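The values are calculated or read from the model by the stated rules, or taken from the named source; none is laboratory data. The shown structure was predicted, so the numbers you read here are calculated from the model rather than taken from an experiment. Neighbour counts are summed over all protein chains in view; Cβ atoms, including those assigned to glycine, are modelled from backbone coordinates with ideal geometry.
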Ligand code: DGY
């Protein structure tokens with residue numbers, strides 16, 4: 001029997017790649033940048049399986065160019081790059097990698113929150129560029145975390161892990177938004193579910209963990225930043241399009257909020273001349289939340305398991321469209 005053919009849209013860790021190679025004929029895109037859409041279509045044309053990344057758009061056009069495709073295994077927990085309805089309509093299974101990156105992403109949310117609150121990016125740049133003139137009683141003053149109120153927008157796995165760290169480590173009070181009550185958060189963290197407007201008005205720190213979908217796109221605009229405290233710190237480790245970046249830049253520039261820490265932007269990469277890069281109170285890192293060796297290995301294993309189940313006609317362990 002012939003081996004399934006698979007296109008892997010970028011080098012992923014060997015732990016996943018070798019497992020796929022053991023069963024399938026594998027074509028791996030060797031470049032650092034994603035394959036352009038027309039090239040991706042060409043490569044998947046005769047494939048049974050595709051390993052896609054969040055930078056690869058999987059849409060009807062691509063699916064129609066790949067009539068044999070059985071499975072799209074996305075190397076990410078987020079799958080907003082995949083048109084799941086179009087996959088379902090064509091009988092193509094979609095898998096993702098939940099759980100594997102919860103801790104690493106929560107760690108980056110906490111890192112950004114602390115760094116933005118304590119002006120780490122700005123003061124490190126000042127030190128390097130000769131603006132560290134002496135020890136200043138009034139220099140680089142930031143905000144404390146202890147005992148403050150944390151607002152988690154989207155109390156899923158990652159939101160909970162971030163809240164647990166900040167509640168346990170700094171005694172922060174936790175408010176959250178979610179589609180329904182979250183008993184573990186209420187019991188373990190003494191957290192309270194509220195509407196978004198109340199969360200914005202009461203929180204000292206707002207950390208975004210909601211997924212990107214038509215209802216969350218542009219969730220944070222001028223009106224939302226205006227509802228936040230002038231001392232508030234805003235953190236986004238979810239997806240860039242949840243935020244109106246012009247409104248965020250204005251809020252940071254005119255002191256509507258104190259600071260922001262972003263792991264995600266729209267687009268990615270954010271052009272280097274974007275105003276957000278020029279604002280000293282905005283710290284931006286290049287979508288590194290899941291970038292630890294163990295996490296990327298675990299993602300590769302989950303991704304391979306989904307892919308192999310899909311090409312073999314079995315149920316995906318992490319199935320987005322069962
Ligand atoms: C994901 O898996 O969705 C993350 O954004 C990757 O870091």
Checklist outcome for this item: Checked 38, 45 against criteria (surrounded by fewer than 22 Cβ atoms within 10 Å (Cβ to Cβ), more than 16 Å from the ligand (Cβ to nearest atom) and in contact (Cβ under 8 Å) with a residue 12 or more places away in the chain); the one match is 45
Next on the checklist: over 21 Å from residue 314 (Cβ atoms), at pLDDT 95 or above and not in a loop (DSSP other than H, G, I, E, B): is that true of residue 76 in this structure?
Outcome noted: no
Item to check | Members of region 66-83 found to be under 18 Å from residue 49 (Cβ atoms), within 14 Å of the ligand (Cβ to nearest atom) and touching a residue at least 40 places away in the same chain (Cβ under 8 Å), listed by number | outcome: 73, 74, 75, 76, 79, 82
Checklist outcome for this item: Of the listed residues (304, 315), the one being touching a residue at least 40 places away in the same chain (Cβ under 8 Å) and either away from the ligand (no atom under 16 Å from the Cβ) or assigned by TED's automatic domain parsing to the domain that holds residue 9 (or both) is 304
Item to check | Restricting region 236-256 to residues that are away from the ligand (no atom under 16 Å from the Cβ) and crowded, with 24+ Cβ neighbours inside 10 Å, the residue that is nearest to residue 212 (Cα to Cα) | outcome: 248
Checklist entry - How many residues are in a helix (DSSP H, G or I) and in contact with a helix residue (DSSP H, G or I) (Cβ under 8 Å, 6 or more places away or on another chain) when one looks only at region 15-62? => result 12
Checklist entry - Looking at 314, 300, which is the one that is crowded, with 19+ Cβ neighbours inside 10 Å and farther than 20 Å from residue 159 by Cα? => result 300
Checklist entry - For region 91-119, how many residues are under 25 Å from residue 232 (Cβ atoms) and over 22 Å from the mean Cα position of the chain (by Cα)? => result 2
Checklist entry - When you look at residue 270, is it assigned by TED's automatic domain parsing to the domain that holds residue 157, more than 26 Å from residue 161 (Cα to Cα) and away from the ligand (no atom under 16 Å from the Cβ), yes or no? => result no
Checklist outcome for this item: Across region 260-281, the tally of residues that are within 14 Å of the chain's Cα centre (by Cα) and surrounded by fewer than 20 Cβ atoms within 10 Å (Cβ to Cβ) stands at 4
Item to check | Positions within region 235-281 being within 12 Å of residue 206 (Cβ to Cβ) and not in a loop (DSSP other than H, G, I, E, B), in sequence order | outcome: 235, 236, 242, 243, 248, 251, 259, 260, 261
Checklist entry - In region 91-99, is there at least one residue being part of a helix (DSSP H, G or I), over 18 Å from residue 37 (Cβ atoms) and within 11 Å of the ligand (Cβ to nearest atom)? => result no
Checklist entry - Is it the case that region 185-206 has a residue that's buried (at least 19 other Cβ atoms within 10 Å of the Cβ) and within 16 Å of the chain's Cα centre (by Cα)? => result yes
Checklist entry - Within region 114-132, can one find any residue that is part of a helix (DSSP H, G or I), at negative phi and within 14 Å of the ligand (Cβ to nearest atom)? => result no
Checklist entry - Of these, 104, 86, which one is within 12 Å of the ligand (Cβ to nearest atom), in contact with a helix residue (DSSP H, G or I) (Cβ under 6 Å, 6 or more places away or on another chain), in contact (Cβ under 8 Å) with a residue 12 or more places away in the chain and at negative phi? => result 104
Checklist outcome for this item: Within region 282-292, the residues that are over 17 Å from the mean Cα position of the chain (by Cα) and either within 12 Å of the ligand (Cβ to nearest atom) or in a helix (DSSP H, G or I) (or both) are none
Checklist outcome for this item: Selection from region 271-287 of residues free of Cβ contacts under 8 Å to residues at least 24 places away in the same chain and touching a strand residue (DSSP E or B) at 6+ places or on another chain (Cβ under 8 Å) yields 277, 284
